[in-house]
1. Just to check your reading of the model, which residue among 122, 66, 107 is closer than 22 Å to residue 175 by Cβ and buried (at least 21 other Cβ atoms within 10 Å of the Cβ)?
2. For residue 175, are the conditions met, namely being at pLDDT 95 or above, under 16 Å from the mean Cα position of the chain (by Cα), within 18 Å of residue 217 (Cα to Cα) and crowded, with 21+ Cβ neighbours inside 10 Å?
3. Kindly evaluate residue 185 against the criterion of being surrounded by fewer than 23 Cβ atoms within 10 Å (Cβ to Cβ) and modelled with pLDDT of 95 or more.
4. So for the stretch 194-204 (the condition being in contact (Cβ under 8 Å) with a residue 24 or more places away in the chain, in a loop (DSSP other than H, G, I, E, B), under 25 Å from residue 68 (Cβ atoms) and touching a helix residue (DSSP H, G or I) at 6+ places or on another chain (Cβ under 8 Å)), does at least one residue qualify?
5. Looking at 51, 58, 46, which is the one that is more than 23 Å from residue 146 (Cα to Cα) and surrounded by 21 or more Cβ atoms within 10 Å (Cβ to Cβ)?
6. How many residues does the stretch 1-16 hold that are buried (at least 18 other Cβ atoms within 10 Å of the Cβ) and farther than 13 Å from residue 199 by Cα?
7. Hey, among the residues in the stretch 240-294 that are touching a helix residue (DSSP H, G or I) at 6+ places or on another chain (Cβ under 7 Å) and in a strand (DSSP E or B), which one's modelled with the highest pLDDT?
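The values are calculated or read from the model by the stated rules, or taken from the named source; none is laboratory data. What you are looking at is a predicted structure, and each value in this text was computed from that prediction instead of being measured. Note that we place each Cβ from the backbone using ideal geometry, even for glycine, and neighbour counts take in every protein chain shown.
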């Protein structure tokens, strides 16, 4: 029995940067996210597809590499993607609020399909659960969540093999109430997890009077971990000498609402424009809106 819709694994890509001749440092994660552009009743539904990651991943970079899986036997393919124009204008967009660590880049969906890659993406209208939907589903502290990504650059040898970590929502009520720009999950993340998706875990049962969660939905994007600092005090001067910083085991996550807001702002702005790189893509037939809990 799967606790997370399997197609989510294929929506996540490793993001890297050249660190020397023929050397790539895989530094972050990202995922593909589709906005419905055709009428909902259309067959097939057509989407514009974006690469979603953190702002801090793309800032001050001229280009990046993303790593795709092809079919079941071929090695992964690496693609160079430009991040700035010839005039040094960014081709990607960030959220208007500097406290929201989200960046979007429209991708060339047609070129990816022509390369023989099955493009999997999380659809905004079927697979995302913004805070209003989380409120409706009665998502709360203690519910399970999965973090998908490539911590410490562990991308696999011949193919992308995403690493899935399981944790629990530690604090989300303030985000659902709209008074916080992030929520917390109790799981260890590391450099390389930045920009990865967070998926709610379906629940087989629930406490009397509350609803079970019947689907695995995208609820947010990883921003970073909360550090814990321990200060060593000099016995002689009684002043701080060394600050030790540790991973607290709590990860900061922006709700998926802010991904949609960033796309909205990107379409509205004329300077710098969204890159004219993409056609529309059909949602793969294997995508399912959610898992059904047993």
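1. Only one candidate qualifies: 122.
2. Judged against the criteria, residue 175 is not a match.
3. No, not satisfied.
4. Yes: one or more hits.
5. Within the list 51, 58, 46, the selection yields 58.
6. Here the count works out to 5.
7. Among residues in the stretch 240-294 that are touching a helix residue (DSSP H, G or I) at 6+ places or on another chain (Cβ under 7 Å) and in a strand (DSSP E or B), the one modelled with the highest pLDDT is 255.
Quick grid of which residues meet (1) modelled with pLDDT under 95; (2) surrounded by fewer than 22 Cβ atoms within 10 Å (Cβ to Cβ); (3) farther than 15 Å from residue 8 by Cα; (4) out of contact with any helix residue (DSSP H, G or I) (no Cβ under 9 Å at 6 or more places or on another chain):
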| site | (1), (2), (3), (4) |
| --- | --- |
| 191 | yes, yes, yes, no |
| 207 | yes, yes, yes, yes |
| 215 | yes, yes, no, no |
| 231 | yes, yes, yes, yes |
| 234 | yes, yes, yes, yes |
